[in-house]
Structure formats: C-alpha cells, structure tokens
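In what follows, a single structure is set out as structure tokens and then discussed.
The values are calculated or read from the model by the stated rules, or taken from the named source; none is laboratory data. Predicted, not measured: the structure shown is a model, and the values here were computed from it. Positions of Cβ are backbone-derived with ideal geometry, glycine not excepted, and every protein chain shown enters the neighbour counts.
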Amino acid sequence: MKTDYIFRFNDRSPLTISVQQNDQGLISGVLPESKDSLSPVTALAHCQCAHCPLQADEHPYCPLAATICPALAEFGQLTSYEETRVLVVTEERSYLKRTSLQQGLRSLLGLLMGGSGCPYMLYFRPLARFHLPFSSDAETVFRSLGNFLIAQHLHNRRHSGDQPGSSKTLERIYADVHQVNAGMSRRLRSMASSDAINNALVLLDLFTGLMNTYLEEETDTLEHLYAEFIAQQQ
C-alpha cells in the first residue's frame with residue numbers, strides 16, 4: 001500500500017514523499033530515495049537513545065533515522081510557517097489541508113515514525129497502517145485508546161484472559177516514545193535540519209509528553225459519546 005504526501009507551495013515546485021508499507025503497516029520504502037539514506041546521521045551509535053535495545057553489531061543503522069532522515073532532507077531549506085497545501089493520497093481516499101509546513105510535516109512524521117522499524121514504535125504500527133492525516137488531539141486519543149484496547153482484546157484471546165503486563169500501559173508506551181523523540185531531535189540538529197523539521201518534531205513530542213493529560217481531558221470529552229450505550233449495559 002502507498003501513501004503520497006504532496007506539498008504545494010506558492011513560490012516553489014511541489015515536493016512529494018511517497019511512503020510504501022506492507023499489509024502490517026511496516027514501511028518498506030520511501031521515495032524519493034536519498035543518496036544520504038545511510039549517512040553517518042542514521043548510524044545507530046550516533047545520538048543513540050539511552051533506552052535503545054538494539055546493538056550496533058546487529059543493527060548498524062537506526063531503523064527510525066533511516067526511515068525519516070532521507071525524507072525530511074527534502075525540506076532542509078524551508079521555514080516552519082511557510083504556507084503549504086498538503087494533499088495526502090491513499091488507495092482509499094484523499095485528504096487536502098491548507099496549513100503551515102511544520103503542521104504538514106508533523107502529520108508526515110506521524111506516519112513515518114509509526115511505520116518505522118523502531119522497537120518502541122511497534123505499538124503505533126497499526127495506527128500507521130490506518131493512517132489518519134492531520135488528526136486532532138481528540139481523534140488521536142480516540143485512535144490510541146482504541147488501538148490499545150484492540151491489542152488487549154487480541155492478547156486476551158490468545159492468552160486465556162490474562163491481562164497484559166503493566167509495562168505495556170499507555171503511559172509507559174508514550175514515555176518510551178518521548179525518549180525516542182528526544183534522541184531523534186538530537187539527530188536532526190546534527191544534520192542541520194530546518195526549523196520546520198525540528199518544530200514538527202517538537203509539536204509531535206508535545207502531544208507525546210502530555211499524553212497522560214490529554215488522555216484525561218479528551219477521555220472526559222469523549223465519554224458523552226458512549227453515555228447512552230453504557231447506561232444500556234447496566
């Protein structure tokens with residue numbers, strides 16, 4: 001399956017990033033390919049996350065950096081608040097949004113990171129498989145909670161009702177991703193990336209870092225959607 005992010009600008013040629021995924025959501029290719037796709041900045045040991053479980057002798061390149069750095073290099077000379085019209089084309093439908101470049105890149109980063117081979121992004125792979133561009137905070141909480149509950153349901157089917165361990169809670173998942181974002185931010189700074197790229201990651205990480213707060217606030221907001229159904233079950 002393929003997802004195209006097409007960035008159209010007022011005074012420059014469009015930029016297109018094509019993301020190819022397998023049926024599980026894992027990214028198998030990103031176009032255009034960059035000659036720097038295996039540059040030093042993507043080496044596992046370069047700004048490696050403190051909690052990274054991978055070893056450089058088995059994984060010479062960071063799977064997350066190798067996925068996102070070549071794609072983001074296309075935007076290296078652009079500024080955060082540059083106006084862009086972002087067209088996202090999937091096999092099922094298309095999305096169009098007029099927004100700032102950093103917001104468009106935030107959405108693209110969500111797809112690239114969730115579909116990467118980083119061990120800490122494994123939870124987000126189904127969300128990348130069913131990617132929703134430009135999702136709001138409420139939509140993201142809804143999708144993340146739903147994803148977590150589906151994973152629990154499937155776990156319980158296989159393991160006779162045993163609950164997943166506490167290490168798999170949403171709070172722990174997002175805390176791990178927060179550390180990944182910090183490591184990736186250091187990598188991006190080392191490749192002299194534009195403020196648009198860095199700000200996009202900051203915006204993405206802002207949600208990650210405040211996930212517990214958003215879970216509380218947005219869950220309260222969403223609760224009324226289920227009020228009648230819950231009452232019916234009592």
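The table below lists the values:
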item: Conditions (1) closer than 20 Å to L112 by Cβ; (2) at pLDDT below 75; (3) surrounded by fewer than 18 Cβ atoms within 10 Å (Cβ to Cβ): number failed by S193; result: (3)
item: Qualifying residue in segment 141-155 (condition: within 15 Å of G110 (Cα to Cα), among the charged types (D, E, K, R) and modelled with pLDDT of 80 or more); result: yes
item: Complete set of residues in segment 169-188 that are more than 17 Å from I68 (Cβ to Cβ) and hydrophobic (A, V, I, L, M, F, W, C); result: L170, I173, A175
item: All positions within segment 16-42 that are modelled with pLDDT of 95 or more and part of a strand (DSSP E or B); result: T16, I17, S18, V19, Q20, Q21, I27
item: Residue in segment 96-104 that is within 25 Å of L222 (Cα to Cα) and either assigned to a helix (DSSP H, G or I) or modelled with pLDDT of 90 or more (or both) present; result: yes
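Condition check ((1) touching a residue at least 12 places away in the same chain (Cβ under 8 Å); (2) in contact with a helix residue (DSSP H, G or I) (Cβ under 9 Å, 6 or more places away or on another chain); (3) crowded, with 23+ Cβ neighbours inside 10 Å) across all residues:
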{"position": "P63", "(1), (2), (3)": "yes, yes, no"}
{"position": "C69", "(1), (2), (3)": "yes, yes, yes"}
{"position": "T99", "(1), (2), (3)": "yes, yes, no"}
{"position": "L122", "(1), (2), (3)": "no, no, no"}
{"position": "R129", "(1), (2), (3)": "yes, yes, no"}
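For (1) at positive phi; (2) in a strand (DSSP E or B); (3) modelled with pLDDT of 90 or more, each residue gets a yes or a no:
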site: A45; (1), (2), (3): no, no, yes
site: C52; (1), (2), (3): no, no, yes
site: Q55; (1), (2), (3): no, no, yes
site: L64; (1), (2), (3): no, no, yes
site: E74; (1), (2), (3): no, no, no
site: L87; (1), (2), (3): no, yes, yes
site: L108; (1), (2), (3): no, no, yes
site: Y123; (1), (2), (3): no, no, yes
site: L127; (1), (2), (3): no, no, yes
